[in-house]
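*Asks:* After the structure tokens below, expect a handful of questions from me.
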């Protein structure tokens, strides 16, 4: 039996992301945990798709305090990216948010 004391308990939380693509091509997005190695949303080889100029809301369940970063790229062009890009390959300055029940500002992806 696994017993956790109060300092080891994991509290579930959510983080709401807001994206808008102003790029003329389809943009794919994944969210990557910077805390849990290899944890990705939506996961299972799927991506969130931005294929028009409207705002897209993505709400994820995550662990309270977890750092989550976005990676976005033009479909079939992994060298054209925002945030950490395709497969979390790059570093970024302002593409990560803390899971705390809040939401991001609208992240506008443009040329």
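Taken together, the values in this text are just the output of simple stated rules run on the coordinates, not laboratory data. Given the structure is predicted, the values throughout are model-derived calculations rather than measurements. Positions of Cβ are backbone-derived with ideal geometry, glycine not excepted, and every protein chain shown enters the neighbour counts.
*Asks:* What whole-number value in cubic angstrom gives the convex hull volume per residue for the C-alpha atoms of segment 31-70?
*Replies:* 75
*Asks:* What is the fewest-to-most order of 22, 66 by other Cβ atoms lying within 10 Å of their Cβ?
*Replies:* The most exposed by this proxy come first: 22, 66.
*Asks:* Further, regarding this structure: If all Cα-Cα distances of the chain are sorted into 5 Å bins from 0 onward, what percent lands in each bin, rounded to whole numbers?
*Replies:* Answer for the chain: a P(r) of 2, 12, 23, 23, 18, 10, 5, 3, 2, 1, 0 percent.
*Asks:* For segment 63-111, what is the relative contact order in percent, using Cα pairs closer than 8 Å and at least 6 residues apart in sequence?
*Replies:* 38
*Asks:* Taking the simple approach of a point 7 Å from Cα along Cα-to-Cβ for both residue 52 and residue 78, what is their distance in nm?
*Replies:* Once both label points are built, they end up 3.0 nm from each other.
*Asks:* Between residue 89 and residue 39, how many nm apart are label points set 7 Å from Cα along the C-beta direction?
*Replies:* 2.5
*Asks:* Any idea how far apart residue 98 and residue 64 come out in nm if each label point goes 7 Å out from Cα toward Cβ?
*Replies:* Between residue 98 and residue 64, the label points sit 1.3 nm apart.
*Asks:* I've got another one for you. Given Cα pairs under 8 Å that are at least 6 residues apart, what percent is the relative contact order of the chain?
*Replies:* 36
*Asks:* Taking the chain as a Gaussian network, Cα atoms linked when under 10 Å apart, which of 97, 64, 32 shows the biggest mean-square fluctuation?
*Replies:* Checking each option, the largest mean-square fluctuation is seen for 64.
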